[in-house]
Amino acid sequence: MTSQLLDLPGAETRDQVAAFRARFQRAIDAGQPAPAARAWRCGRFERGLKIADELELRLGSLMGKRILDVGAAHGGDVVALCARGATCVGADKFDYGYDRLKSTIAAGKRLNFRLYDCTAAWPFADKSFDIVLCLAVIEHVDDLAHFFAELLRVVKPDGLVLLETATALRNARRDNLYHLPLISLLPTPLRRFIGETVFLRHYPFHVSRHTFYGAGKFKRLAARHGFVTVPCKCADSRLAARVARWPMARLWRSLLCHFAFDFILIQRKRADAAGPARDCRAGRRPPFANAPW
């Protein structure tokens, strides 16, 4: 799927992605990270390409789309999306060497970075972006009502939010914060106590009090602002493909997406929409009523 998407609108897109990858790696290497840190940071660029695949599967080409990446960190995701033709803004509370990254990537006005605290007011006008990404950020936010109000305020009426966070079930084998088994199934305050006080594990960022067992909390938050949500598995999800062959596949697929989604898509509800869709077939276009794809 990736090679096919990179061929659009021409072979030059593949060359551009390769050039952006090399420049991004050069910017990362300039910071002299440890090998494990380098591998993780460079892996964010590849994740960004996978996100681009999922978006292009639903929206078509990202060429000219205006994208905000909330919690951009080292910038791999946003640089990959820029390589696929989007005009991108990476936002974070901390500066991860963004001046050096921007000058190394040399994408001009198509790549910018803003420093601000996403738990406060966002420095963007209403309806500013076609796509907003929120990847592994929501688990650090205490005031979800305020965060969602800002998140959905900056999306264009026909825009799309892609939100990702690890649910309790997905983290059951190995907690993503404290690297312990099973504790993700506990309420987060107890999870924090066991990880930090009992096992003396340290996580460098604030961990909110919220526990995400499924997609329900996000559906309720989005619905307050007139948005609908669809939890999805990635197009290449082996588990989703296996579940699709089981008896009562539709039920199992819905449960899988609700409790172990790979990401959630959020879009404004249309006046003539019948309501939020319940299907979440991996690799299929999300069935929003009258969606623009």
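The values are calculated or read from the model by the stated rules, or taken from the named source; none is laboratory data. Since the structure is predicted, the reported quantities are computational estimates derived from the model, not experimental observations. Here the Cβ positions follow ideal geometry from the backbone for every residue, glycine too, while neighbour counts run over all protein chains shown.
For residue 202, only one of the following conditions fails: (1) in a helix (DSSP H, G or I); (2) exposed (fewer than 13 other Cβ atoms within 10 Å of the Cβ). What is its number?
(1)
Report every pair of residues separated by at least 6 positions or lying on different chains whose Cβ atoms are under 7 Å apart, first residue within the range 91-103 and within 16 Å of residue 68 (Cα to Cα), second of a type in the set (Lys, Arg).
91/114
Here's a check for you: in the range 24-53, which residue that is of a type in the set (Gly, Ala, Ser) and crowded, with 20+ Cβ neighbours inside 10 Å is farthest from residue 165 (Cα to Cα)?
Just the residues of the range 24-53 that are of a type in the set (Gly, Ala, Ser), to begin with: 27, 30-31, 34, 36-37, 39, 43, 48, 52.
Checking which are crowded, with 20+ Cβ neighbours inside 10 Å leaves us with 27, 48, 52.
Details: 27: 27, 48: 15, 52: 17 Å.
So, considering only residues that are of a type in the set (Gly, Ala, Ser) and crowded, with 20+ Cβ neighbours inside 10 Å, the one farthest from residue 165 (Cα to Cα) is 27.
When you check residue 120 against the structure, is it modelled with pLDDT of 95 or more and aliphatic (A, V, I, L, M), yes or no?
Numbers: modelled with pLDDT of 95 or more: no; aliphatic (A, V, I, L, M): yes.
So residue 120 does not fit the description; no.
Evaluate the following for residue 221: is it outside the structural domain of residue 132 (by TED's automatic domain parsing) and on the phi > 0 side of the Ramachandran plot?
Numbers: outside the structural domain of residue 132 (by TED's automatic domain parsing): yes; on the phi > 0 side of the Ramachandran plot: no.
It is false that residue 221 is outside the structural domain of residue 132 (by TED's automatic domain parsing) and on the phi > 0 side of the Ramachandran plot.
Yes/no matrix, rows are residues, columns are (1) touching a Lys or Arg at 6+ places or on another chain (Cβ under 7 Å); (2) modelled with pLDDT of 95 or more:
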position: 82; (1), (2): yes, yes
position: 86; (1), (2): yes, yes
position: 89; (1), (2): yes, yes
position: 104; (1), (2): yes, yes
position: 109; (1), (2): no, no
position: 126; (1), (2): yes, yes
position: 146; (1), (2): no, yes
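Limited to the range 104-135, what total is found for residues that are free of Cβ contacts under 8 Å to residues at least 24 places away in the same chain and closer than 16 Å to residue 155 by Cα? Reasoning before the result, please.
Within the range 104-135, the subset free of Cβ contacts under 8 Å to residues at least 24 places away in the same chain is 108-109, 120, 123.
Imposing the further condition that a residue be closer than 16 Å to residue 155 by Cα reduces the set to 123.
So the answer is 1.
Could you list all residues from the range 120-172 that are of a type in the set (D, E, K, R) and out of contact with any strand residue (DSSP E or B) (no Cβ under 7 Å at 6 or more places or on another chain)?
If we filter the range 120-172 for residues that are of a type in the set (D, E, K, R), which is where we start, we get 126-127, 130, 139, 142-143, 150, 153, 156, 158, 164, 170.
Hits for the range 120-172 are 126, 139, 142, 143, 150, 153, 158, 170.
Looking only at helices (runs of 4 or more DSSP H) that fall completely inside the range 54-173, which ones have 1 or more residues that are surrounded by fewer than 21 Cβ atoms within 10 Å (Cβ to Cβ)? Step through it out loud before you land on a result.
Details: elements: 76-83, 98-105, 144-153.
The qualifying helices (runs of 4 or more DSSP H) are 98-105, 144-153.
Would you say residue 72 is in contact with a Leu (Cβ under 9 Å, 6 or more places away or on another chain), of a type outside the set (Val, Ile, Thr) and in contact (Cβ under 8 Å) with a residue 60 or more places away in the chain?
Working: in contact with a Leu (Cβ under 9 Å, 6 or more places away or on another chain): yes; of a type outside the set (Val, Ile, Thr): yes; in contact (Cβ under 8 Å) with a residue 60 or more places away in the chain: no.
Taking the combined requirement at face value, the residue does not satisfy it.
Does the range 247-262 hold any residues that are surrounded by fewer than 21 Cβ atoms within 10 Å (Cβ to Cβ) and not basic (Lys, Arg), and which are they?
Scanning the range 247-262 gives 247, 248, 249, 251, 252, 254, 255, 258, 259.
Scan the range 14-62 residue by residue and report those that are under 16 Å from residue 105 (Cβ atoms), polar (S, T, N, Q) and over 22 Å from the mean Cα position of the chain (by Cα).
Within the range 14-62, just 16 meets the criteria.
Which one of the conditions (1) touching a residue at least 60 places away in the same chain (Cβ under 8 Å); (2) touching a Ser or Thr at 6+ places or on another chain (Cβ under 8 Å); (3) of a type in the set (Gly, Ala, Ser) does residue 166 fail to meet, given that it meets all the rest?
(1)
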